[in-house]
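Working notes for the structure below.
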Amino acid sequence: MWKRTNIWFFCPACDKRLVVDVQAGGYRADCPECGKNIPIPTRSTAWSPAMKRVGLYAGQAALIALAITIGWWFAAPGPAEDPPAVAVARVPSAAADAKAEPVAAVAPESEEAPAVSDRAVHRQLLEDHAALQGRYNKMLQWMVDNYRGKYPLPERLVGRLRLAPLTENGEVHPDLIEMLRLSDDEKGLVQDVMVYVGDRMRQMEQERARVAEQSDTRITFSVPPFAEAGGELREDLYLALESTLGEHRFDRMVEVAGESMRETFHYFGEAARTLTFEVIFPATPGAHPPYLLIRDGWIVPEGESVRLTRVTETAVTELPERYLPYREWLPESVSRYAVP
């Protein structure tokens, strides 16, 4: 059976927490802090460090249980070390309540331990509990911010991201929606303005396109730059996006998707374009059916003295959606091999 081995109490004169052997209960002794001759109670009237740890552990156990329910484990702080017990020299007195000479020497809990009261111990427990609760609140907030288990990308790496603004179907790209945390309303507004700008860019491009070469199996279109008109349209696009997203998210969007938007919207009229549709017949009859080869070339200005050439070749038997505006310009001898 468990038995108490120490008695914990406070000096009634100086409020110093003291500890004695349980066998000293009922006697008197001199307080080692103030020197007063004081009675020793028969049972503990102050909390021991072990009891203090029990209270702390109870709070920690409740918080850890909460963390486990949401799938996270967090290490609880280590327990405080027990203070050294101090031996008590005891000499029996005639009566426990008699005003006798000092008969026992009582040692304080430790030389460095501050004098505390029951209220102070309780207050310390509340402060420790609040501090621990704060740590778990921060942990839960981190989990909310990273709800899919993803770690936030360091700022120095954000500039290396390249996200497309739209999918092949003309919808706002899911990666951009997730990164900017777009609401449904914001997603709809962003998509509407991008679709409008894309349609307007294609319209302005077609207004300037000219047939540079044509034969029975081949036709080439040439589109000169129109940087001024395209720049005005870009300004309208950026103003609409900033109004919808706010300054911070708009800057982030331009940082990660600005270059892709430039390509998506045909370089906003800064580049010269050459577009060729050519029917390719098999070198050996019957080797493969005829198909349409689309060569799409851009001369893109990069600064005052640099021009980049970007050419793509696509072999198709159905005309891709992005080239549908040119369908009515294709001669029948060409368009028959790429029926939409």
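Which residue is surrounded by the fewest Cβ atoms within 10 Å (Cβ to Cβ), if the candidates are limited to region 282-317 and must be among the acidic types (Asp, Glu) and at pLDDT below 90? Break it down into steps so the answer makes sense when it comes.
Start the filter on region 282-317 by keeping residues that are among the acidic types (Asp, Glu), which leaves 296, 302, 304, 313.
Cutting the leftovers down to at pLDDT below 90 gives us 302, 304.
Values: GLU302: 9, GLU304: 5.
Going through the qualifying residues, I end up with GLU304.
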Would you confirm whether or not region 188-200 contains a residue that is surrounded by 17 or more Cβ atoms within 10 Å (Cβ to Cβ), farther than 23 Å from TYR323 by Cα and at pLDDT 90 or above? yes
When region 254-278 is examined, which residues are found to be in a strand (DSSP E or B) and either crowded, with 19+ Cβ neighbours inside 10 Å or free of Cβ contacts under 8 Å to residues at least 12 places away in the same chain (or both)? ARG273, LEU275, PHE277
Identify the residue in region 144-184 that is surrounded by 11 or more Cβ atoms within 10 Å (Cβ to Cβ) and modelled with pLDDT under 55 and, among all such residues, is nearest to the chain's Cα centre (by Cα). ASN146
Scanning region 318-338 residue by residue, the ones that are surrounded by 12 or more Cβ atoms within 10 Å (Cβ to Cβ) and closer than 20 Å to SER215 by Cβ total 13
For region 116-131, check the following and say yes or no: at least one residue is in contact with a Lys or Arg (Cβ under 9 Å, 6 or more places away or on another chain), in a loop (DSSP other than H, G, I, E, B) and at pLDDT 75 or above. no
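The values are calculated or read from the model by the stated rules, or taken from the named source; none is laboratory data. Everything numeric in this text was worked out from a predicted model, so none of it was measured. As a convention, Cβ positions derive from the backbone with ideal geometry for all residues, glycine included, and neighbour counts pool all protein chains shown.
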